[in-house]
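No lab work stands behind these numbers, since they all come straight from the coordinates. Only a predicted model underlies this, so the values are computations on that prediction, with no experimental measurement involved. When we count neighbours, we look across all protein chains shown, and the Cβ atoms used for this are built from the backbone with ideal geometry, even at glycine.
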Amino acid sequence: MGLVYDSRMRAIVIGSAAGGAFPQWNCGCPNCVAVRAGKEGYLPRTQDSVAITANGDRFALVNASPDVLAQIRATPALWPRAPRHTPIGAVVLTNGDMDHVLGLFSLRESQPLAIYATPAVWRGLEASILLRTLKRFEGQVVFRPIALGEEVALEDAAGAPLGVVMRAFAAPGKLPVHLMGHAAESAEDNVWLSLRDLRDADAKRGSLAYAAACASLEGVDLAGHDAVLFDGTFFREDELVRLGLSKAVAKDMAHLPIESGSLHAKIDARRKIYTHVNNTNPILGPTDERRAVVAAGWEIAFDGMEIEV
Ligand code: MLT
Ligand code: MN
Ligand code: ZN
């Protein structure tokens, strides 16, 4: 894959699995066994993250997964262009879940970064002493609070524009597991994003919606986007229970299941793509469930998928 310096906004899905990745290190479910064995129709996946660019030159990461170093290694567009350099200027956090924030600590090599997060998500990070490693010098991490519903042009730590305009909206979600019982729940715990090209004042170009963790579509209006990346964590509400892996159902984990939730929901978008797919989800294999998803007009994200809007 060569570098493509184009003039359209595009997203590279650098990780398409839910927390735990695919295969998950401690999982012997049928999917994880199949992908380890290299069975046809199964692709390994790293944890949920998307790189957004307007010009192919500067990028914003949406979420920083524990796999971020491997994801950058696998994505030439994200490689340095100089002896000490990164095209990544900002990281946008859509919640404080471990699979979305742990990668921050792997990006600590004295690299200035802008971090966009809601004040609630930022407070959760500040509660960890580890955040100090991103504050080795003034300006290493520049926190830019996300205000729900307000349009913001993304900038790097020095204030240079990245060419992408973002709006964040509350998405039905939950506190990160490690903060449950330790922080008050807030509408700012989990957001979905609407992203468009800064040059696109008249909405002539496409826009992208990202809602990788979404417990319900109530009040979440994804209509009008060119491409929608949506929560594909679970196919069924009781997927983990059926496999004997957990007592938790999708609702307990604030993920709308595909079959009874998003699959036939009316989402007016040119492309609808499931991402943040859990390793137990049958759509990860050549199954009836995958065929049903494709027949309903959905795509399934994979690592390295490029979405031009
Ligand atoms: C989720 O998507 O539900 C979380 O990543 C789960 C977790 O924090 O383990
Ligand atoms: Mn997750
Ligand atoms: Zn598994």
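Quote the FRET efficiency, to the nearest 0.05, computed for ASP268 versus TRP25 with a Förster distance R0 of 25 Å and r equal to the Cβ-Cβ distance.
Efficiency, rounded to the nearest 0.05: 0.05.
Hey, can you grab everything whose amide H is under 5 Å from the amide H of ALA157? Only 5+ residues off in sequence or another chain; H modelled, so Pro and N-termini drop out.
ALA114
Can you give the longest stretch of the chain with no exposed loop site, where a site means GluC sites (Glu not before Pro) in a DSSP loop (not H, G, I, E or B) with at most 15 other C-beta atoms within 10 Å?
The reported range is 219-309.
Okay, helix-only estimate at 222 nm for the chain: each DSSP H run of n ≥ 4 adds -39500 (n - 2.57), divide by all residues, round to 500 deg cm²/dmol; what do you get?
It lands at -3000 deg cm²/dmol.
Using alpha-carbon positions, what is the distance between the centroids of segment 101-158 and segment 205-248, in Å?
Spelled out, the Cα-based centre of one part sits 25 Å from the other.
Which of the pairs LYS174/LYS266; LYS251/LYS272; LYS39/LYS266; LYS135/LYS272; LYS39/LYS174 have their Cα atoms more than 31 Å apart in this structure?
Flagged as over cut-off: LYS39/LYS266; LYS135/LYS272; LYS39/LYS174.
For CYS32, CYS214, CYS27, which order do you get if you count the other beta carbons within 10 Å of each Cβ and list the fewest first?
Ranking CYS32, CYS214, CYS27 by Cβ neighbours within 10 Å, fewest first, gives CYS27, CYS32, CYS214.
Viscosity 1.306 mPa s, temperature 10 °C: give me the Stokes-Einstein translational D for segment 1-144 in µm²/s, with Rh taken as the Kirkwood radius over C-alpha pairs.
Estimated diffusion coefficient is 98 µm²/s.
Full extension from SER186 to THR287: what is 0.36 nm times the residue separation minus their Cα-Cα distance, to one decimal in nm?
32.6 nm
What FRET efficiency would be calculated for the residue pair SER260, SER110, taking the C-beta separation as r and a Förster radius of 51 Å, to the nearest 0.05?
0.60
In terms of modelled amide H atoms, which long-range or inter-chain residues lie less than 5 Å from the amide H of LYS272?
VAL228, GLU299
Where q = 0.11, 0.15, 0.16 Å⁻¹, what log10 of I(q)/I(0) comes from the Debye formula for the chain, counting one point per Cα?
-0.63, -1.22, -1.41
Enumerate the calculated ³J(HN,Hα) couplings along segment 10-25 in order (Karplus 6.51 cos²θ - 1.76 cosθ + 1.60, θ = phi - 60°), each rounded to whole Hz, writing x wherever the residue is Gly or Pro.
So the Karplus estimates, Gly and Pro as x, are 8, 10, 10, 6, 8, x, 10, 9, 6, x, x, 6, 9, x, 8, 3 Hz.
Using alpha carbons only, how many angstrom separate the centre of segment 17-93 from the centre of segment 165-185?
22
Give me PHE143, PHE22, PHE302, PHE137 sorted ascending by neighbouring Cβ count inside 10 Å, so fewest comes first.
Sorted ascending by nearby Cβ count, the order is PHE137, PHE143, PHE302, PHE22.
In sequence order, what are the phi-derived ³J(HN,Hα) couplings for segment 265-274 according to the Karplus relation 6.51 cos²θ - 1.76 cosθ + 1.60 with θ = phi - 60°, rounded to whole Hz, with x for glycine and proline?
For segment 265-274, the Karplus-derived couplings read 5, 7, 10, 7, 8, 5, 10, 10, 10, 7 Hz, x marking Gly and Pro.
Over the Cα atoms, compute the radius of gyration (one decimal) and Dmax (the largest Cα-Cα distance, rounded to a whole number) for segment 1-81, in Å.
14.5, 44
Please rank THR94, THR287, THR86, THR53, fewest neighbouring Cβ atoms within 10 Å first, as an exposure proxy.
The order, fewest Cβ neighbours first, is THR287, THR86, THR53, THR94.
³J(HN,Hα) across segment 173-179 via Karplus (A = 6.51, B = -1.76, C = 1.60, θ = phi - 60°), whole Hz, x for Gly/Pro?
These are the phi-based 3J(HN,Hα) values: x, 7, 5, x, 3, 6, 9 Hz.
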